[in-house]
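One structure below.
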Amino acid sequence: MLFGGNGRKDDLVLDGIRVVDPTQGIDEVLTITVEQGVITRLEPGSSPANGKVVAPAFVDPHVHLRTPGREDEEDIGSGTRAAAAGGYCAILAMPNTDPVVDSAAILGALVERAEVEAEVPVGFLAAISKGQEGGELTEMVELAERGAAGFTDDGRPVASPGLLLRALQYHEVAGRRIAVHCEEPGLSRAGQMHEGVVSAELGFGGYPSVAESVMVGRDLALAAYEEQPIHLLHLSARESVDELRRARGADVHATGEVTPHHLCLTDEAIRTLDPNLKMNPPLRAEEHRQALIEGLKDGTIAAIATDHAPHAAHEKDVPFEEAPFGVTGLETAFAVVYTRLVQPGVVPLETVLERMSAGPARIYGLEPPRIAVGAPANLVVLDLETTWCVAREEFRSRSANSWLLGATLKGRVVQTVADGKVVFGA
Amino acid sequence: MAEVRPLIRDELLPPRRLERRHLISIADLTREDVERLLSLARAFARSLEREVKKLPALKGRTVVNLFYESSTRTSSSFELAAKRLSADVMSIKSSGSAVDKGESLKDTAITIGAYDPDIVVIRHPHIGSPHVVARATKAHVVNAGDGTHQHPTQALLDLYTIDEELGGIEGLHVAIVGDVLHSRVARSNIQALVLMGARVTVVGPPPLIPRGIAALGCETSYSIDTIRDADVVYVLRMQRERMLEGANYVPSLREYTARWGVTPARLRPGQRVMHPGPMNRGVEIDPAVADAADALIERQVRSGLVVRMAVLYDLLTHGPVEVKVAEIEEVA
């Protein structure tokens, strides 16, 4: 399911460093020895108290690599180098490319490119419907055999409940997670931002929270009926979190993810009309943000996903209303969540580390990165004391449509080890 | 007045203050700003009563009007306002320009910026377009209407009209009737009227009254009977061109007119009626109301000239009002 990033297996020693691995219940100072890409020794060490932490490397379940079709915005090489700089040891790419990843031939070509170009292992989701047009089902079983990591029409909802029902039925055979972008088009319409006080003031036709939550409700009902698992992409609304919590309580096999920007920002930010704050789903009001944080903490939401969506500069430097949806996030995700949520004491560090690593891995049936003897080295070294400024020139991503340009963040990824190879930092 | 925040914004630092001032949204103005502009407009109105109407105030300055939407009132009054102040004026319309060839707004703005204009006045169908011009040029930017967002000079000229005709704004009750959802005029006017101490009620069918609008400090009503309480009834145009097909904002214009059209029977004597134009006679406004002697509609157009003179002048000078007014009278 993951491709590329292989080759070299490194040896390294992380001497006397605070190790935090929520999956292993570890938070202590250890010396980690990696030989030939595998963790071979964990020994008590003494901490130099330098603010550094090593944790299981991150897994991003939601990245747009823009390949094939828009390699000017991102390609497998640049996207995975950005992932390495963000502390990721694995990422999953969405299929809304040009052409859409909806056949084994297209997926096969991507896999071949990834084997050569990917700096960290990458998986590819395939489309649920051909061309993501919501009409005909893709050949899910064949796609799964060719290595699809899951299925989604992300970027668009599966508008037809009948089609989603069929996809869930095929999940029984294909065995790879169905992930849904929940948006009722009849309610979101041409909505540019959350419907509320700010949209009323700015004059935007609103994209109400209920446009998401009615689709969440429908999709959870279908998954419950078919007794198949379902994953809800980039949740933004309080009502959606409530629906997901209720379904999980009723033993529906449902998971959800949330982005750093929905955790850290509200629609108030749109007053600047900065096109780098335009995304789908939109930033919502504070009550929604609080509900997302609550859902993340209590485990209703299992993953932090960047929804890294690169766009060419000339396509974003237009009036807000004309700008495409989407912001980048791979290289800032940990730092912004640390700065805005962990530092103020809103979310514990362990929770963030789990939701950025084992949480997303489990959703798609990937081996959760862990710090244990015998495990492949998937490690991220974080400097929690460093303050840094987000600068356009430093992005490894080919695009710079980040809402954090110019921001000062605390906490930085200083080294990433992905599948036994040091992919970022010394 | 507004400083456009830079595209790159850091929430953890105070926004960087730019020296250049713009007029993009009424939300960026203080009550003092509005009072200064209105008093400047009154001074210009007096100067226009003279035989020679041209003032040398902005001699040697360049004003570019960049219009991406059709407009009669706004474009002509900005052009004349700049000319009355002796500025050099260039008016560019999207049809017949490089825009027809697919040039982006940013590139057009950079091209215009190469002539070092002092002010760029922009009218554009999309929210956020003045911000693009402010980022791409060194000019002061005046928003002459950006999509459904703001039309600040319309609100200022409406304040001026009310102030002149009713002898003040504070404490008045203004009912704004119709398609509030799609109206930049409504948004700018609600903010401006509330800022100046008026009571504002927006009236219309529920789908055309945006959820959350009350946060601007106005009241809302779905009943046309509410307008009887108002001193001023401000009628909005039904913006059919902005309504998505199948959105069902109103079941039919007939239904709209029957329920929310402003007719003589729904008004009481002495109420003053305003409309930003262009009017759909027989839809949102009965012709008898539009043509009544105490309607302020033509007066609004006249106010547009002096208010826009005030805006252009203020952006390029912004000294203490009294001193500047004295100077104007001298040179005139």
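What percent do you get for the relative contact order of chain B when only Cα pairs under 8 Å and 6+ apart count?
About 19 percent, as a whole number.
Could you work out the helix-only [θ] at 222 nm for chain A, with each DSSP H run of four or more residues adding -39,500 (n - 2.57) and the total divided by the number of residues, to the nearest 500 deg cm²/dmol?
Taken over chain A, the calculation gives -8500 deg cm²/dmol.
Quick check: convex hull of the Cα atoms in the range A:187-269, volume per residue, rounded to a whole Å³?
Residue-normalised Cα hull volume stands at 85 Å³.
Step through the residues of the range A:83-97 one at a time and calculate ³J(HN,Hα) from phi using the Karplus curve (6.51 cos²θ - 1.76 cosθ + 1.60, θ = phi - 60°), rounding each to whole Hz and writing x for Gly and Pro.
These are the phi-based 3J(HN,Hα) values: 4, 4, 5, x, x, 8, 9, 7, 9, 10, 9, 8, x, 7, 9 Hz.
Once amide H atoms are placed 1.01 Å from N in the peptide plane, what residues at a sequence separation of 5 or more from residue A:138, or on another chain, have their amide H within under 5 Å of its amide H?
It is A:129, A:130, by chain and number.
For peptide B:141-150, how many partner chain Cβ atoms fall within 10 Å of a residue's Cβ, on average?
The per-residue average across the peptide is 3.
Give me the Kirkwood hydrodynamic radius of the protein assembly as shown, using the inverse of the mean 1/r over all pairs of distinct Cα atoms, in Å to one decimal.
28.3 Å
Sorted from fewest to most neighbouring beta carbons within 10 Å, what does the list B:182, A:62 look like?
B:182, A:62
Where does each of B:234, A:170 land when they are ranked from fewest to most other beta-carbon atoms within 10 angstrom?
Fewest-to-most Cβ neighbours within 10 Å comes out as A:170, B:234.
Using a 7 Å offset from the Cα along the Cα-to-Cβ direction at both residue B:54 and residue A:297, what is the distance between the two label points in nm, to one decimal?
Between residue B:54 and residue A:297, the simple spin-label model gives 6.9 nm.
Just from its helices, what would the mean residue ellipticity at 222 nm be for chain B, if runs of 4 or more DSSP H residues each count -39500 (n - 2.57) and the sum is divided by every residue, rounded to the nearest 500 deg cm²/dmol?
Mean residue ellipticity at 222 nm (helix-derived): -11000 deg cm²/dmol.
Along each principal axis of its Cα atoms, how long is the range B:223-298 end to end? Whole angstroms, biggest number first, please.
39, 25, 17
Size of the dipole of the protein assembly as shown about the Cα centre, Lys and Arg at +1 and Asp and Glu at -1 on the beta carbon, nothing else charged, in debye to 20?
In debye, rounded to 20, the protein assembly as shown gives about 1880.
If you place +1 on the Cβ of every Lys and Arg, -1 on the Cβ of every Asp and Glu, and leave all else neutral, what size is the dipole of chain A about its Cα centre, to the nearest 20 Debye?
560 debye
Give me a comma-separated list of calculated 3J(HN,Hα) values for the range B:270-279, in order, Karplus coefficients 6.51, -1.76, 1.60 applied at θ = phi - 60°, integers in Hz, x for any Gly or Pro.
x, 6, 9, 10, 10, 7, x, x, x, 8
Calculate the translational D of the range A:71-134 in whole µm² s⁻¹ from Stokes-Einstein, where the hydrodynamic radius comes from the Kirkwood formula applied to all Cα pairs, the temperature is 25 °C and the viscosity 0.890 mPa s.
Translational D for this selection: 202 µm²/s.
From the convex hull of the Cα coordinates of the range B:89-163, what is the mean projected area in square nanometres?
The directionally averaged projection comes out at 5.6 nm².
Compute the normalised compactness of the range A:1-48: alpha-carbon radius of gyration over 2.2 N^0.38 Å, N being the residue count.
Output field value: 1.34.
Return the Rg/Rh ratio of the range A:216-354 with Cα-based radii and a Kirkwood Rh.
Ratio of gyration radius to Kirkwood radius for the range A:216-354: 1.00.
Could you work out how far helix B:184-195 tilts from the main Cα principal axis of chain B, as a 0 to 90 degree angle to the nearest 10?
90 degrees
What is the ratio of the Cα radius of gyration of chain A to 2.2 N^0.38 Å, where N is its residue count, to two decimals?
Working it through for chain A, the quotient is 0.92.
So what's the angle, to the nearest 10 degrees on a 0 to 90 scale, between helix A:104-117 and the longest Cα principal axis of chain A?
30 degrees
To the nearest 10 degrees, how steep is helix A:286-298 against the longest Cα principal axis of chain A, on a 0 to 90 scale?
50 degrees
Partner chain Cβ atoms within 10 Å, averaged over the residues of A:319-328 - can you pull that number for me?
Average per residue, whole number: 5.
So for the range A:347-426, what are the equivalent ellipsoid semi-axes in whole Å, largest first, each being the square root of 5 times an eigenvalue of the Cα gyration tensor?
25, 15, 14
Treating each Cα of the range B:152-300 as an identical point scatterer and ignoring solvent, apply the Debye formula and state log10 I(q)/I(0) at q = 0.15, 0.17, 0.20, 0.21 Å⁻¹.
Reported log10 I(q)/I(0), two decimals: -0.68, -0.90, -1.29, -1.44.
List, in order, the whole-Hz ³J(HN,Hα) value for each residue of the range A:70-80 obtained from phi through the Karplus relation with A = 6.51, B = -1.76, C = 1.60 and θ = phi - 60°; use x for Gly and Pro.
Couplings: 10, 5, 5, 8, 6, 9, 4, x, 5, x, 7 Hz.
Applying 1/(1 + (r/R0)^6) with R0 = 51 Å to the Cβ-Cβ distance of residue A:41 and residue B:219, what FRET efficiency is obtained, to the nearest 0.05?
FRET efficiency, residue A:41 to residue B:219: 0.10.
What pairs in A:278/A:410; B:59/B:138; A:130/A:421; A:316/B:93 have C-alpha atoms more than 27 Å from each other?
A:130/A:421
Using a basic spin-label model with each label point 7 Å from the Cα along Cα→Cβ, how many nm lie between residue A:189 and residue B:114?
Here the answer is 4.2 nm between the modelled labels.
Whose amide H sits under 5 Å from the amide H of residue A:62, counting only residues 5 or more places off or on another chain, with H placed in the peptide plane?
Here the answer is A:92, A:306, A:307, since their amide H atoms fall under 5 Å of that of residue A:62.
Each label point is 7 Å from the Cα along the Cα-to-Cβ direction; what then is the distance between the points at residue A:136 and residue A:49, in nm?
The two pseudo-label positions are separated by 6.8 nm.
How do B:27-34, A:328-335, A:201-208 rank on mean C-beta neighbours within 10 Å, highest first?
Top of the packing list down: A:328-335, A:201-208, B:27-34.
Per 10 Å bin, what is the whole-percent P(r) computed from every C-alpha pair distance within the range A:277-390?
Going from the shortest bin to the longest, the percentages are 11, 36, 35, 16, 2, 0.
Amide H to amide H, which residues 5 or more places from residue A:401 or on other chains are under 5 Å from it, using H placed in the peptide plane?
So residue A:401 has HN proximity to A:311, A:328.
State log₁₀ I(q)/I(0) for chain B at q = 0.15 Å⁻¹ as given by the Debye formula over alpha-carbon point scatterers of equal weight, solvent excluded.
Here log10 of I(q) over I(0) equals -1.28.
Taken together, the values in this text are just the output of simple stated rules run on the coordinates, not laboratory data. Bear in mind that the values here come from a model prediction, so they are computed numbers and not experimental data. Virtual Cβ from ideal backbone geometry, glycine too; neighbours counted across all protein chains shown.
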